[in-house]
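Q: Before anything else, here's the structure in question.
The values are calculated or read from the model by the stated rules, or taken from the named source; none is laboratory data. None of the values given here were measured: they were computed from a predicted structure. Cβ: placed from backbone, ideal geometry, glycine included. Neighbour counts: every protein chain shown.
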């Protein structure tokens with residue numbers, strides 16, 4: 001009985017650690033967005049981008065995406081993984097990937 005309780009506590013703690021390590025995965029409200037980088041602010045950890053509809057947005061950059069922020073420049077086409085709030089608005093960028101080249 002004691003070993004079962006210890007196992008359950010360990011599994012619970014491991015789950016809490018995973019949720020803290022990746023809060024976007026915990027909420028499950030993310031989507032990918034094709035965009036053009038307008039500017040980056042590495043110090044403030046923010047990216048300004050223009051989506052395919054032409055709307056310009058500035059959003060904070062979280063987690064591992066901060067490293068990717070250092071490699072993108074204005075005018076570059078990217079795919080952003082955005083974390084959304086409860087109403088579906090962009091809350092933060094959690095991943096930045098180069099957009100695939102269009103086929104001719």
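Q: Considering only region 29-44, how many residues are surrounded by 13 or more Cβ atoms within 10 Å (Cβ to Cβ) and without any contact (Cβ under 8 Å) to a residue 60 or more places away in the chain?
A: 9
Q: Looking at (1) in contact with a strand residue (DSSP E or B) (Cβ under 6 Å, 6 or more places away or on another chain); (2) modelled with pLDDT under 90, which is the one condition that is false for residue 101?
A: Unmet for residue 101, out of (1) in contact with a strand residue (DSSP E or B) (Cβ under 6 Å, 6 or more places away or on another chain); (2) modelled with pLDDT under 90: (1).
Q: Residues of region 48-73 being in a strand (DSSP E or B) and loosely packed, with under 13 Cβ neighbours inside 10 Å, which ones?
A: Of everything in region 48-73, just one residue is in a strand (DSSP E or B) and loosely packed, with under 13 Cβ neighbours inside 10 Å, namely 56.
This table checks each residue for (1) at pLDDT below 95; (2) out of contact with any helix residue (DSSP H, G or I) (no Cβ under 7 Å at 6 or more places or on another chain).
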position: 21; (1), (2): yes, yes
position: 28; (1), (2): yes, yes
position: 36; (1), (2): no, yes
position: 47; (1), (2): no, no
position: 51; (1), (2): yes, yes
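Yes/no per residue for (1) in contact with a strand residue (DSSP E or B) (Cβ under 8 Å, 6 or more places away or on another chain); (2) on the phi > 0 side of the Ramachandran plot:
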| residue | (1), (2) |
| --- | --- |
| 55 | no, no |
| 58 | yes, no |
| 63 | yes, yes |
| 69 | yes, no |
| 74 | yes, no |
| 81 | yes, no |
| 86 | no, no |
| 96 | yes, no |
